[in-house]
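To keep things clear, I will list the structure first and then write my remarks on it.
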Amino acid sequence: MAKSMHDVSDPRNASILVSVNGELKPRAEAVVSVFDSGFMLGDGVWEGLRVHKGKLAFLGRHLDRLFEGARAIAMDVGLSREGLIGRLYATLDANRMNEGVHVRLMVTRGVRATPYQDPRVVVGGATIVIIPEYKEPDPAVYERGLKLFTVHVRRGDPAVQDQKINSHSKLNCILASIQATQAGADEALMLDPNGFVATCNSTHFFIVRKGEVWTSSGKYCLGGITRGLTLEIAREAGIPALEKDFSLTDVYGADEAFTTGTFAGIVPVREIDGRTLQCRGPVVERLRQLYAERLDSDVEEQVRP
């Protein structure tokens, strides 16, 4: 069975402190109420953040997405941007973390008076949880590349559940992941309601055809931070980078393919539905180099609290 990119372990994580509404708790004691909106209904938004050279990479972009998602679901985060940044760094400092760290920031609507979906039964403010872990991708994944499998689970249209909201409600992605895992793949490739390629279950998907970089139209996927950065750095480097509808036929005939995400950055793909692609081709390698340079420049420009 293929191993998840996030399936990594570090003994230091056993003693981490987790921030629960501003209180630092040992991992085993970091809990929320069974009446919490996130636990009960998946009602909340979240961000995955990467620590690089002591700073949270691309933090402004991540917070933009978090607060936009909170506004979209009419949820009050309860902290200003500055307050949230302060709490994030206070958690990192308490754990003496400055490199090789992945942070999960989760904000739910808070505790409900009764198990019911109507937000009017919420009592109190939002629940804010910050989990920092020592977690880095296995370097071997960049050498061997990923194996993808196209699943039957589709990305829904905005009238059902808008995929641009990074919500806690991820059941369709979980089902896609299960099907891909059972097929022996690392990640699921998901189509949109019209049969065009949308995204992967937890990362974004790109192909390279005749020197051009293609990704989906973006209508049925999250506004990925690394996805957007990849498009920017490609265009700045003179590499044509297109957001468009394309089918599996285009994928199977591609020269290269890769995924993007905050945790692992840009990762090459070696196989899709039994079709072999060039792993670590010239365009993917160039983009990986450019992304690493952008990551360094972002944290150098930041002034942390």
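FYI, it's all coordinate maths here, none of it is from the lab. Bear in mind that the values here come from a model prediction, so they are computed numbers and not experimental data. Quick reminder, even Gly has a Cβ in these numbers, built from the backbone with ideal geometry, and neighbours come from all protein chains shown.
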* To do: Mind running the shape call on the range 11-134? Use the C-alpha gyration tensor, a ≥ b ≥ c as the square roots of the eigenvalues: rounded below 1.5 for a/c, prolate if a/b tops b/c, oblate otherwise.
  => oblate
* **Reach of residue 147 by Cα under 17 Å, taken over lysines that are not fewer than 8 positions away in the same chain** => 3
* Listed values [x] -0.42, -0.90; [y] -0.31, -0.76; [z] -0.27, -0.69, entry calculated as log10 I(q)/I(0) by the Debye sum over Cα atoms at q = 0.07, 0.11 Å⁻¹ -> [z]
* **Estimated FRET transfer efficiency when R0 is 25 angstrom, pair residue 300-residue 10 (beta carbons, to 0.05)** => 0.45
* **Gaussian network model of the chain, springs between alpha carbon atoms under 10 Å - residue of 273, 118, 64 with greatest fluctuation** => 118
* Asked: Can you give the net charge of the other residues whose Cβ lies under 12 Å from the Cβ of residue 301, counting K and R as +1 and D and E as -1?
  -> +1
* To do: Holding the Cα-Cα limit at 20 Å, pick out from 170/219; 164/219; 53/170 the pairs that are longer than that.
  => 53/170
* To do: Using 0.36 nm per residue of separation minus the Cα-Cα distance, give me the extension gain between residue 159 and residue 285 in nm, one decimal.
  => 41.6 nm
* What nm value, rounded to one decimal, do you get for the distance between residue 53 and residue 244 when each label is placed 7 Å out toward the C-beta? -> 3.6 nm
* Looking at the range 177-245, which trypsin sites (Lys or Arg not before Pro) are DSSP coil and have at most 13 other C-beta atoms within 10 Å of their C-beta? -> 210, 244
* Structure fact -> When the chain is treated as a Gaussian network with springs between alpha carbons less than 10 Å apart, the largest mean-square fluctuation among 213, 31, 283 is found at 31
* Could you work out how far the C-alpha centroid of the range 8-53 sits from that of the range 241-305, in angstrom? => 29 Å
* Asked: Taking the simple approach of a point 7 Å from Cα along Cα-to-Cβ for both residue 82 and residue 273, what is their distance in nm?
  -> 5.2 nm
* Taking the Cα centre of the chain as the origin, how large is its charge dipole in debye, to the nearest 20, when only Lys and Arg (+1) and Asp and Glu (-1) carry charge on their Cβ atoms? -> 240 debye
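Loop only per DSSP, at most 15 neighbouring Cβ atoms within 10 Å: give me the GluC sites (Glu not before Pro) in the range 20-115, ordered by residue number.
Numbers: sites: 23, 29, 47, 68, 82, 99; in loops: 99.
Passing sites in the range 20-115 are 99.
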* To do: Using a Gaussian network model of the chain whose springs link C-alpha atoms within less than 10 Å, name the residue from 18, 103, 34 with the highest mean-square fluctuation.
  => 34
